[in-house]
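**Q** Structure below; questions to follow.
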Amino acid sequence: MTLLLCSLITLAVLFYVFYLPGKLQLGPEKTRLAYLRERKEAVYENLRDLNFEYRAGKFPESDYQSMKSSLEEEAAAILAEIARLERAPEAVRGRKGVRI
Amino acid sequence: MAQIGSFALLLALALSAYSFVAGLLALLRADGRAERLGETARRAGIAAFGVVFLAAVVLVIAAFQDDFSIAYIFHHSNRDLPAPYKFATLWSGQEGSLLFWSLLLSAYGLVLRLRHKTDSRLFAHASVIIAAVQVFFLLLLNFAAHPFAIMQGSLPEDGNGLNPLLQYPEMVIHPPMLYLGYVGFTVPFAFALSALVMRYPGEKWIHITRRWTMVTWGFLTCGVFLGAHWAYSVLGWGGYWGWDPVENASLLPWLTGTAFLHSVMMQEKRGMLKVWNMWLIFATFMLSIFGTFLTRSGVVSSVHAFAQSSIGTWFVVFLTIIFLVCGVFYVMNREHLRSEHKLESLVSRESSFLFNNLLFLVACFAVLWGTLFPILSEWVQGHKITVGPPFFNRVMIPVALLLLLLTAVGPLLCWRKTSIESLKRNFLWPSLGALAIALFLMVTPVSWGPPFAMRPWREISSLYSLMAIALSALVAFTVISEFIRGGRVISHHTGQNLVASMIRLAHRNTRRYGGYIVHFGVIVIIIGFAGAAFNQDREKEMGFGDKMMIGPYTLVCRSYTQEDKPNYGSEWAIIDVFKGDRQIDTLYPERRFFKASQQMNTRPTIHSTANEDLYLVYEGQNEDSGRPIIKAHLNPLVMWIWVGVWIMIAGTVIALIPNAAAAVRVPAPVRVQAEPVGAGD
């Protein structure tokens with residue numbers, strides 16, 4: 001009985017692990033473009049937080065302007081690079097895209 | 001039954017080994033077959049969960065069937081053991097708890113492998129790392145600590161029974177919580193190491209593991225405090241934390257895990273501290289393994305170390321391998337972890353996170369040093385030098401107070417740098433409030449009792465308590481001011497009342513405001529700890545009608561009685577408790593004699609209020625006079641600790657809820673010609 005049960009379990013496991021119907025595909029490797037879009041979202045979120053904290057009265061106008069312009073510069077640099085990569089030919093994008 | 005369990009463990013080992021090897025080959029190969037190989041590896045990892053689960057079920061069934069042919073069941077159960085403790089047999093001993101570790105790890109692995117489409121390459125790497133950890137535990141289970149080992153010779157009639165200290169309702173949930181925490185750190189570790197191995201660009205792996213880490217941290221927090229509550233309710237010494245090596249073992253990964261939860265924000269927001277965060281999560285995982293090693297190897301003497309065995313060498317080898325693997329990949333890929341920004345000012349949110357992390361690491365090192373010192377001293381000098389609570393208190397109290405100060409200060413500082421005007425704007429009222437509370441506590445009359453009437457100039461413990469409460473008040477005021485300020489902005493935009501606006505605020509940024517609620521829970525706990533400076537205790541032989549006074553209470557012994565139950569015999573005192581002339585409670589401190597293990601165990605009884613706990617222990621009888629001895633402890637503010645834990649849990653749950661959509665629109669930044677953005681490589 002025990003032997004039969006163990007055999008059945010083994011067969012079920014082997015069937016599950018090795019029976020792979022259909023085509024399989026791993027996702028693409030992460031590109032620099034994808035990374036930059038993530039960074040853009042992070043900087044935008046920082047900007048949203050900054051605006052909100054300023055409206056909540058946590059810091060004065062001068063501090064706000066200084067931090068805002070610094071974040072905007074960071075965002076602009078990211079946007080500029082995204083735009084450059086999006087304009088670049090596929091071959092260049094692919095070459096730069098892999099394993100950054 | 002034992003054969004099925006043994007078979008399941010062997011099959012699980014084969015599947016995990018396959019998942020590791022095939023997964024690794026799939027990642028190394030670049031041809032068209034790699035996907036299929038990787039998929040079989042993923043499926044083998046999923047199937048491993050099924051067979052480990054089967055092994056665990058078999059062990060639990062064996063416990064319920066009193067199958068004493070299995071040595072583990074014989075050593076950790078008996079026929080009259082109540083059903084919940086028979087279920088808890090799974091994690092009551094070394095072999096079972098390692099099986100439980102493996103089960104939880106395979107469960108975490110199952111969830112991870114089912115969610116692989118989020119980022120299939122990153123998940124494939126993490127899956128291989130989890131399979132490697134799983135192989136280690138299954139090797140242990142199959143070859144060093146087999147839970148299905150068969151008893152030699154004739155079958156015993158009954159088992160040895162569960163350790164009496166573990167026969168307490170919380171023990172059914174405390175170990176699973178702690179293990180969910182320990183094991184759960186494998187997931188962020190696996191993702192961090194994967195990101196390093198792959199030179200994964202960006203911080204998405206942190207986003208993916210954020211909830212894993214918080215859930216894991218939440219479980220570990222619950223586990224640590226359930227352990228403290230169990231010690232308080234069962235061990236009968238009147239305290240909840242004794243700096244026992246095994247208690248410390250659970251605290252170590254909690255400290256580094258907490259540091260990681262904070263510092264990881266700097267990486268997400270500013271692309272900073274990448275190396276630091278990587279090593280923090282590596283250290284947290286290694287400390288989790290180290291904690292399991294301390295609990296299970298018997299290398300330290302502890303009331304919690306429920307095992308003496310030779311598996312220590314396995315853990316040392318495993319820890320060494322982990323360290324080497326992490327070290328090698330760090331050296332190879334450290335350039336990938338280059339920081340994107342530099343620290344601009346010492347007065348900034350970044351620096352507060354940095355100091356917070358340094359303090360957590362100091363605390364971690366102090367606890368580690370104190371825990372290992374007896375072992376190190378034995379190696380060096382040949383005899384053990386024990387490091388007791390005075391050492392830990394001397395180091396940890398100042399560190400905790402500084403951390404509390406940073407908890408108050410950090411959220412009010414700005415990213416990058418904070419001007420003097422900002423500091424004044426944010427700190428004036430909270431500081432004045434905290435100062436007013438400190439003064440109030442110092443000038444209140446002695447008749448008010450603890451925690452009022454503090455006289456910090458008389459003794460250091462009183463000074464520490466006062467500082468703890470004043471800094472807790474500062475944290476509370478800053479948290480409240482954060483909620484009110486944010487709530488006002490929402491209220492201004494939506495026209496909702498302030499409370500509704502604050503709820504909406506928390507929903508918009510659950511991580512931040514959930515975090516503040518966790519901080520609030522922490523200060524409630526700290527206030528509870530501060531009460532320990534005013535603990536009192538009395539001990540007296542009490543016959544019928546005898547009285548004992550402690551604090552505002554008068555205890556009158558009404559009677560003693562006995563009872564015989566299938567699992568244990570017990571005797572207890574019946575003590576009437578009076579406050580002034582009014583009887584407020586009747587308490588029943590108890591001693592139990594567990595038949596299977598032939599061990600005596602005390603069961604304290606507690607009258608708990610927000611102000612103080614009256615904690616009674618029936619210590620047995622005076623050998624000369626034969627009169628029963630009752631020990632009473634008066635422990636101020638202990639209830640605050642348990643309430644604080646519930647608040648922390650609530651905050652963690654809130655932090656796990658997804659954010660509601662942000663209503664504030666951000667204007668598009670000006671486009672400029674700029675240098676390429678730094679990105680790991």
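**Q** Count, for each residue of B:198-208, the Cβ atoms from other chains sitting within 10 Å of its Cβ, then give me the mean as a whole number. Don't skip to the answer; put the middle values down first.
**A** On the way: counts 3, 2, 5, 11, 10, 4, 4, 0, 0, 3, 0.
So the per-residue partner count for this stretch is 4.
**Q** Another question, if that's okay. For the range B:1-87, just run the numbers: alpha carbon Rg, then divide by 2.2 N^0.38 Å, N being how many residues it has.
**A** Details: Rg = 18.1 Å, N = 87, 2.2 N^0.38 = 12.0 Å.
Normalised Cα radius of gyration, the range B:1-87: 1.50.
**Q** Equivalent ellipsoid semi-axes for the protein assembly as shown, as square roots of 5 times the alpha carbon gyration tensor eigenvalues: give them largest first, rounded to whole Å. Kindly include the intermediate steps, with their values, before the conclusion.
**A** On the way: eigenvalues 437, 324, 84 Å².
The equivalent ellipsoid of the protein assembly as shown has semi-axes of 47, 40, 20 Å.
**Q** Can you give the translational diffusion coefficient of the range B:202-336 in µm²/s, computed by Stokes-Einstein from the Kirkwood radius over Cα pairs at 25 °C and 0.890 mPa s? Show your work: numbers first, answer last.
**A** On the way: Rh = 16.5 Å.
Value of D from the Cα-based Kirkwood radius: 149 µm²/s.
**Q** Once A and B are treated as a pair rather than alone, how much accessible area drops out, both sides summed, in Å² to 100, probe 1.4 Å?
**A** Details: alone 8310 and 30740 Å², together 33510 Å².
Using a 1.4 Å probe, the pair buries roughly 5500 Å².
**Q** Does the range B:148-273 classify as rounded, prolate or oblate by the C-alpha gyration tensor (a ≥ b ≥ c root eigenvalues; a/c under 1.5 gives rounded; else a/b over b/c gives prolate, otherwise oblate)?
**A** On the way: a/c = 3.63, a/b = 1.83, b/c = 1.98.
The shape class here is oblate.
**Q** Separate question: What is the dipole size for the protein assembly as shown, taken about its Cα centre, with +1 at each Lys and Arg Cβ and -1 at each Asp and Glu Cβ, in debye to the nearest 20?
**A** On the way: 68 positive and 55 negative charges, 621 e Å.
Dipole of the protein assembly as shown, to the nearest 20 debye: 2980 debye.
**Q** Something else: Just to verify a number: FRET efficiency for B:Val328 and A:Glu41, C-beta to C-beta distance, R0 = 41 Å, to 0.05? Can you show the working numbers first?
**A** Numbers: r = 33 Å, r/R0 = 0.80.
E between B:Val328 and A:Glu41, to the nearest 0.05, is 0.80.
**Q** Next question. Mind checking which lysines have their Cα closer than 26 Å to the Cα of B:Lys595? Skip sequence neighbours fewer than 8 apart in that chain.
**A** Output for B:Lys595: B:Lys86, B:Lys565, B:Lys631.
**Q** Turning to a different aspect of this structure: Can you give the accessible area of B:Cys222 in Å² (nearest 10), computed on protein heavy atoms with a 1.4 Å probe?
**A** 20 Å²
**Q** In the range B:391-423, whose amide N lies under 16 Å from the spot 7 Å out along Cα-to-Cβ of B:Leu435? List them in ranges.
**A** B:423, by backbone N distance to the label point.
**Q** OK, next. For a protection proxy built on the mean count of beta-carbon atoms within 10 angstrom, sort B:448-455, B:375-382 highest first, please.
**A** On the way: B:448-455: 17.2, B:375-382: 10.9.
Averaged packing, sorted descending, gives the order B:448-455, B:375-382.
**Q** For the range B:1-161, what log10 I(q)/I(0) values come out of the Debye formula at q = 0.15 1/Å, with one point per alpha carbon and no solvent?
**A** Reported log10 I(q)/I(0), two decimals: -0.74.
**Q** Same structure, new question: Please provide three numbers in whole Å: the alpha-carbon extents of the range A:28-95 along the principal axes, with the largest listed first.
**A** Ordered largest first, the range A:28-95 gives principal extents of 49, 20, 11 Å.
**Q** Nothing charged except the Cβ atoms of Lys and Arg (+1) and of Asp and Glu (-1): what's the magnitude of the dipole of the range B:432-519 about its Cα centre? Round to the nearest 20 debye. Present the calculation step by step, with values, prior to reporting the outcome.
**A** Details: 8 positive and 2 negative charges, 68 e Å.
Approximately 320 debye in magnitude.
**Q** A further question on this structure: Give the relative contact order (percent, whole number) for chain B; include only Cα pairs under 8 Å separated by 6+ residues. Mind showing how you got there, number by number?
**A** Working: 1189 pairs, mean separation 73.2, N = 681.
Relative contact order for chain B comes out at 11 percent.
**Q** Across peptide B:477-487, what mean number of C-beta atoms from other chains lies inside 10 Å of a residue's C-beta? Present the calculation step by step, with values, prior to reporting the outcome.
**A** Values: counts 0, 0, 0, 0, 3, 3, 0, 1, 6, 5, 1.
Mean number of neighbouring Cβ atoms from other chains: 2.
**Q** Given the alpha-carbon gyration tensor of the range B:534-638, what are the semi-axes of its equivalent ellipsoid in whole angstrom, ordered largest first, with each equal to the square root of 5 times an eigenvalue?
**A** Numbers: eigenvalues 119, 48, 31 Å².
Those come to 24, 15, 13 Å.
**Q** Using only protein heavy atoms and a 1.4 Å probe, report how much of B:Tyr18 is accessible, in Å² to the nearest 10.
**A** Accessible surface of B:Tyr18 is approximately 70 Å².
**Q** How many nm is it between the label spots at B:Asp537 and A:Thr10, if each spot is 7 Å from the Cα in line with the beta carbon?
**A** The answer from the label model is 5.9 nm.
**Q** Let me ask something else. Any idea of the accessible area per residue across the protein assembly as shown, 1.4 Å probe, to the nearest Å²?
**A** On the way: 33510 Å² over 781 residues.
With the other protein chains kept in place, the protein assembly as shown gives 43 Å² per residue.
**Q** Also: Ignoring ligands and nucleic acids, what accessible area does B:Arg558 show with a 1.4 Å probe (Å², nearest 10)?
**A** Number for this one is 130 Å².
**Q** Using the beta-carbon distance between B:Tyr560 and B:Asp80 and R0 = 30 Å, what value does 1/(1 + (r/R0)^6) give for FRET efficiency, to the nearest 0.05?
**A** Working: r = 25 Å, r/R0 = 0.82.
It comes to 0.75.
**Q** Sticking with this structure for a sec: Using only the Cα atoms of the range B:128-194, build the gyration tensor, take square roots of its eigenvalues as a ≥ b ≥ c, and label the shape rounded, prolate or oblate: rounded if a/c is under 1.5, else prolate if a/b is larger than b/c, else oblate. Kindly include the intermediate steps, with their values, before the conclusion.
**A** On the way: a/c = 5.93, a/b = 1.53, b/c = 3.87.
Oblate.
**Q** Among B:Leu287, B:Asn160, B:Thr386, whose Cα projects farthest towards the positive end of the dipole of chain B, with charges put on the beta-carbon of Lys, Arg (+1) and Asp, Glu (-1)?
**A** Looking along the dipole axis, the top candidate is B:Leu287.
**Q** Still on this model: Which whole number gives the average count of other chain Cβ atoms within 10 Å of the Cβ atoms across peptide A:61-71? Can you show the working numbers first?
**A** On the way: counts 1, 3, 8, 2, 0, 4, 4, 2, 2, 5, 4.
The shielding value for this peptide is 3.
**Q** Tell me, what is the Rg over Rh of the range B:361-404, with Rh the Kirkwood radius over Cα pairs?
**A** 1.08
**Q** Under a cut-off of 22 Å between alpha-carbon atoms, report the lysines in cross-link reach of B:Lys342, not counting same-chain residues fewer than 8 places apart.
**A** A:Lys40, A:Lys68, B:Lys204, B:Lys269, B:Lys274, B:Lys417
**Q** Could you list, bin by bin from short to long, the percent of Cα-Cα pairs of chain B in 20 Å steps?
**A** 16, 46, 32, 6, 0
**Q** Specify which residue in the list B:Thr554, B:Ser608, B:Gln536 is farthest towards the positive end of the charge dipole of the range B:534-638, using unit charges on the beta carbon of Lys, Arg (+1) and Asp, Glu (-1), about the Cα centre.
**A** It is B:Ser608.
**Q** Could you give each residue of the range B:84-96 its phi-based ³J(HN,Hα) in whole Hz, using Karplus coefficients 6.51, -1.76, 1.60 with θ = phi - 60°, and x for Gly or Pro?
**A** Karplus values, whole Hz, x for Gly and Pro: x, 6, 5, 5, 6, 3, 3, 10, 7, x, 5, 5, x.
**Q** Starting at the first residue of the range B:155-163, write each ³J(HN,Hα) from the Karplus equation 6.51 cos²θ - 1.76 cosθ + 1.60 with θ = phi - 60°, in whole Hz, x for Gly and Pro.
**A** After applying 6.51 cos²θ - 1.76 cosθ + 1.60, I find 6, x, 5, 9, x, 6, x, 7, 3 Hz.
**Q** Regarding the range B:454-503, what are the three Cα extents along the principal axes, ordered largest first, in Å?
**A** Cα extents, longest axis first: 53, 12, 11 Å.
**Q** Starting from 0.36 nm per residue, how many nanometres of slack lie between B:Glu170 and B:Ile375 once their C-alpha separation is accounted for? Spell out each step's value before the answer.
**A** Numbers: separation 205, 0.36 × 205 = 73.80 nm, distance 3.05 nm.
Value of the extension gain: 70.8 nm.
The values are calculated or read from the model by the stated rules, or taken from the named source; none is laboratory data. All of these numbers come straight from a predicted model, not from anything done at the bench. Methodologically, a virtual Cβ is constructed for each residue, glycine included, from the backbone with ideal geometry; neighbour enumeration extends over all protein chains shown. SASA here: full protein model, heavy atoms, side chains in, ligands and nucleic acids out. Shrake-Rupley method; radii C 1.70, N 1.55, O 1.52, S 1.80 Å.
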